[in-house]
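A.B. asks: Take a look at the following structure, please.
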Amino acid sequence: MLRRAFGSFATGVTVVTTGGPVPHAMTANSFTSVSLEPPLVLICVDRGALMHEHLTSNGYFGVSVLASHQEGVAMHFANRWRTLGAAQFDEVDWTPGRTTGVPMLDGTLASFECELWRTYDGGDHTIFIGRIVSLHQQTDRDALLVFKGRFREISPDWTEVSA
Ligand SMILES: Cc1cc2nc3c(=O)[nH]c(=O)nc-3n(C[C@H](O)[C@H](O)[C@H](O)COP(=O)(O)O)c2cc1C
C-alpha cells in the first residue's frame, strides 16, 4: 500500500556507483538535488543493500542519470542475483570518473561525481548526501522515468504544461 503510494511520484532513474578494489553499482530512483551552494545531492539506500556497505566504506560515489534507452541497465543493476564485483560492469559501457576514478556509465543524460558529505538516519534506509566534485551533461537525450512501478520515457520535445 505504502510502496504503491510512493510509486505515484514519477521520478527519473539513476545508477549509483562506487569504485575502489571492489567496485559496485545499484539502481536508485531516490536521487534528489539538495543544494546549489555547496552543490549537494542525496540518495536513500536500503540498509540491507550491498551498496550501503560500499557507500559507507568509500569516500566517493557516482550518480549516472539514465537515458530512455537504458531500461536494461536499470534492470541489471537492480537484479540482486547479478554477478558482483568488477564483472557486474562487463555488460555496460563506462568510463572512470575524471576526479574520483569511480565508474561512470556512458550514454547517460547526466552524471555526477560526489564525495560523501554527510549521512543521516532514514529509518530502514540511510540518506547519503554527496558534494558534487564534477559533473557531465548531455542535453539531447530522452529520459528514463519510473512511475507506478513501470519504466516510462519522456522526450525534451514533449509539450510543456502551460500556466
Ligand atoms: C527503478 C528502481 C529504483 C530503485 N531505487 C532504489 C533506491 O533509491 N534505494 C535503494 O536502496 N534501492 C533501490 N532500488 C532497489 C535496488 O536497486 C536493488 O535492491 C539492488 O538489487 C540493490 O543492489 P545491492 O544490494 O547489490 O547493492 C531500486 C530498484 C529499481 C528497479
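The values are calculated or read from the model by the stated rules, or taken from the named source; none is laboratory data. Since this is a predicted model, take the numbers as computed values, not measurements. Note that we place each Cβ from the backbone using ideal geometry, even for glycine, and neighbour counts take in every protein chain shown.
A.B. asks: Within the stretch 13-25, does at least one residue satisfy the condition of being polar (S, T, N, Q), assigned to a helix (DSSP H, G or I) and within 14 Å of Thr108 (Cβ to Cβ)?
C.D. replies: no
A.B. asks: Hey, another quick one. Out of Val92, Val133, which single residue is more than 16 Å from the ligand (Cβ to nearest atom) and among the hydrophobic types (A, V, I, L, M, F, W, C)?
C.D. replies: Sole residue among the options that is more than 16 Å from the ligand (Cβ to nearest atom) and among the hydrophobic types (A, V, I, L, M, F, W, C): Val133.
A.B. asks: What is the number of the single condition among (1) at pLDDT below 95; (2) under 25 Å from Arg141 (Cβ atoms) that Thr17 does not meet?
C.D. replies: Among (1) at pLDDT below 95; (2) under 25 Å from Arg141 (Cβ atoms), Thr17 violates only (1).
A.B. asks: Next question, about the same structure. May I ask you to list the residues in the stretch 5-43 that are more than 17 Å from Arg80 (Cα to Cα), of a type in the set (Ser, Thr, Tyr) and either surrounded by 13 or more Cβ atoms within 10 Å (Cβ to Cβ) or within 15 Å of the chain's Cα centre (by Cα) (or both)?
C.D. replies: Thr11, Ser30, Thr32, Ser33, Ser35 - these are the residues of the stretch 5-43 that are more than 17 Å from Arg80 (Cα to Cα), of a type in the set (Ser, Thr, Tyr) and either surrounded by 13 or more Cβ atoms within 10 Å (Cβ to Cβ) or within 15 Å of the chain's Cα centre (by Cα) (or both).
A.B. asks: Kindly list, by first and then second residue, each pair from a residue in the stretch 44-58 that is farther than 18 Å from Trp81 by Cα and among the polar types (S, T, N, Q) to a residue that is more than 6 Å from the ligand (Cβ to nearest atom) and in a loop (DSSP other than H, G, I, E, B), limited to pairs with Cβ atoms under 6 Å and residues at least 6 apart or on different chains.
C.D. replies: Every condition considered, the pairs that remain are Asn58/Gly20.
A.B. asks: List the strands (runs of 3 or more DSSP E) inside the stretch 79-163, counting only whole elements, that have at least 3 residues being among the acidic types (Asp, Glu) and on the phi < 0 side of the Ramachandran plot.
C.D. replies: 110-122
A.B. asks: Oh, and also: Pick from the stretch 26-48 the residues that are among the polar types (S, T, N, Q) and not in a loop (DSSP other than H, G, I, E, B): which of them is farthest from the ligand (Cβ to nearest atom)?
C.D. replies: Ser35
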